[in-house]
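The structure appears below as C-alpha cells.
The values are calculated or read from the model by the stated rules, or taken from the named source; none is laboratory data. Computed from a predicted model, the values in this text were never measured in an experiment. As a convention, Cβ positions derive from the backbone with ideal geometry for all residues, glycine included, and neighbour counts pool all protein chains shown. Areas reflect the complete protein model, heavy atoms only, side chains present, ligands, DNA and RNA absent. Shrake-Rupley method; radii C 1.70, N 1.55, O 1.52, S 1.80 Å.
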Amino acid sequence: MNSPRDKVKSQHALKVRLLNVRGRRCEHCQYDKYEMLHVHHKDRNRSNNELSNLELICPNCHYEEHYL
C-alpha cells in the first residue's frame, strides 16, 4: 500500500524534473519564484505524468486553469 509520503516524494520528483527541463518560471505568466510553482496535469489525469501533459505554473495560473 502506498503511503501519502510516497505521493509527496513523487510529486516533488516531477517538479524537480520539470524545473530542470522547462526552467524556473511559470509557463503561463513567467512568475519567477520557482519554490511556489505547481505541477499541473493538462488533461486533469494525475496518473498521466508524461512530460507533454505537465506544466509548471504559479498558484494564480493554476487556480485559473481549474476554476475560471
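With the calculation restricted to Cα positions, what are the radius of gyration and Dmax of the chain in angstrom?
11.9, 38
Report the local net charge at LEU18: Lys and Arg +1, Asp and Glu -1, summed over other residues whose C-beta lies under 13 Å from its C-beta. Each step should come with its number before you reach the end.
Working: positive: LYS15, ARG17, ARG22, ARG24, ARG25, LYS42; negative: GLU27, GLU50, GLU55.
Once positives and negatives cancel, what remains is +3.
Dipole of the chain (Lys/Arg Cβ +1, Asp/Glu Cβ -1, origin at the Cα centre): which of LEU14, LEU37, SER52 lies farthest to the positive side?
Of LEU14, LEU37, SER52, it is LEU14.
Given charges of +1 on the Cβ of Lys and Arg and -1 on the Cβ of Asp and Glu, with all other atoms neutral, how large is the dipole of the chain about its Cα centre, in debye to the nearest 20? Don't skip to the answer; put the middle values down first.
On the way: 12 positive and 9 negative charges, 60 e Å.
Value, rounded to 20: 280 debye.
Leaving out ligands and nucleic acids, note down the accessible area per residue over region 3-65 with a 1.4 angstrom probe, in whole Å².
Details: 4420 Å² over 63 residues.
Normalised by residue count, the accessible surface of region 3-65 is 70 Å².
For the chain, what % of the accessible area comes from carbon and sulfur atoms, probe 1.4 Å? Kindly include the intermediate steps, with their values, before the conclusion.
Working: 2500 of 5170 Å².
The computed percentage sits at 48.
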